[in-house]
1. Restricting to segment 8-35, name every residue that is of a type in the set (A, V, I, L, M), part of a loop (DSSP other than H, G, I, E, B) and buried (at least 17 other Cβ atoms within 10 Å of the Cβ).
2. Between a residue in segment 18-31 that is touching a residue at least 40 places away in the same chain (Cβ under 8 Å) and any residue that is among the basic types (K, R) and open to solvent by less than 70 Å² (accessible area, probe 1.4 Å), which pairs come within a Cβ distance under 6 Å, given they are 6 or more apart or on different chains?
3. For P320, indicate whether it is open to solvent by 20 Å² or more (accessible area, probe 1.4 Å), touching a residue at least 60 places away in the same chain (Cβ under 8 Å) and within 22 Å of Y230 (Cβ to Cβ).
4. Considering only residues of segment 179-189 that are part of a loop (DSSP other than H, G, I, E, B) and touching an Asp or Glu at 6+ places or on another chain (Cβ under 8 Å), which is nearest to A135 (Cα to Cα)?
5. Given A312, A359, A282, which one is in contact with a Leu (Cβ under 7 Å, 6 or more places away or on another chain) and crowded, with 21+ Cβ neighbours inside 10 Å?
6. Going through T373, T332 one at a time, which residue ends up being within 24 Å of R252 (Cβ to Cβ), of a type in the set (V, I, T) and open to solvent by 50 Å² or more (accessible area, probe 1.4 Å)?
7. Just the residues that are assigned to a loop (DSSP other than H, G, I, E, B) and not polar (S, T, N, Q), please, taken from segment 346-385.
8. Mind counting the residues in segment 76-102 that are surrounded by fewer than 20 Cβ atoms within 10 Å (Cβ to Cβ) and over 19 Å from V127 (Cβ atoms)?
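The values are calculated or read from the model by the stated rules, or taken from the named source; none is laboratory data. Just so it is clear, the structure is predicted and the values come from calculations on it, not from any experiment. In this analysis, Cβ positions are derived from the backbone assuming ideal geometry, glycine residues included, and neighbour counts consider all displayed protein chains. Just so you know, the surface numbers come from the protein's heavy atoms only, side chains and all, with ligands and any DNA or RNA stripped out. Shrake-Rupley method; radii C 1.70, N 1.55, O 1.52, S 1.80 Å.
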Amino acid sequence: MGTGGRVTVVGIGADGWSGLTPGAREAVEAADVVLGSPRQLDLLPESLTATPRAWPSPLVAALPGLFAELADRSVCALASGDPMFFGIGATLARVLGPDRLRVVPAPSSVALACARLGWPAEDVDVVSVVGRPLARIRRALAPGRRLIVLSAGAESPAEIAALLDGDGWGPSALALLEQLGGPRERVLAGHASDWPHPPGDALNLVAVSCEAAPGARVLGETAGLPDDVYDHDGQLTKREVRAVTLALLGPRAGELLWDVGAGAGSIAIEWMRAHPSCRAVAVESHLDRVAAISHNADALGVPGLRVVSGRAPGALTDLPTPDAVFIGGGVTGDGVLDTCLAALRPGGRLVANTVTVEAEGVLAAAHARLGGTLTRLSVARAGAVGGFTGWRPAMPVTIWSVTP
């Protein structure tokens, strides 16, 4: 293909060679080397003159060297279904650049599943657990929602059913769809609470019709989850303050947050729950809280939260550039505030909360220097006072928000 030449990526389904369009077949036949998984390569006809070659493992780290080695060969890469939908095509676009790819897609497994089930694709949430934690499913759970879970293998359906049942979603109807589009296609049904099917074909996905059991706790997606969903030692941004803080931080799709002095990790977790593409790094110096943050992130469906054990500002070195920063603790530490402000992308937001007079002085000085808004938030909750009900005020919280 010549140095820097194009790579053709062809989507192939479980129906194999017979399911390819004439154009897709021509792309494979014109190649000197065909890359793919062993299962995909086995779908090709024996008459093919191209050299079949399985993907290396680990994959991503080996790709630059592989394509440098094949620089003078015509290369076709096989992908499952639509190469750009959770497929190898997206990986190759990141590694080689999209201008080096010619993509010939086939129907995705999700498109085939929706066709079999009669589900409008635009109403379906897709979650992949291929190389990703199963806990990611939790973020998508909501009564009446339809999910399609891309399985990691033959064991995934039972694992998905067990997670749903354990979280109070046992009544959810499941459909297991194996070898979609191929001669061995099979669809099996059941419920999460009593999934009856043993492990079958590794090429499968699971469709979930979400239904909560009576009494199950169903969480919303807006900021301000109940305090008791978090494992914490008291270092928790309380529900009402958390809702205001997230509103000021303003999470947007694809953005990265630093949660500095993260405590239980509630701000980072609810930032990530705002959109599936939101990312966060939680920085915490207490080891027991570090463990609690990871537990909370898993339980609330955002296991991708990165947790850094260490004290700011030293622990902030070499972290990816944030779009927003929340300082929940340590604002009086030498260099913490200035380091966070300097790290922000242009147009980034910083929010810092405190309950102490000393830290409030730091925020007041920063406000005088850089502007922004200072807010004092007081929350009182009703509680028993003898045989009556009275208000029990929490400590007032001072919040500084700024776009430097």
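1. A14, L20, A31
2. That search, which allows pairs on different chains as well, returns nothing.
3. no
4. Q179
5. Only one candidate qualifies: A282.
6. T373
7. Those that are assigned to a loop (DSSP other than H, G, I, E, B) and not polar (S, T, N, Q): P346, G347, G348, V355, G371, G372, V379.
8. Adding up the residues that qualify gives 10.
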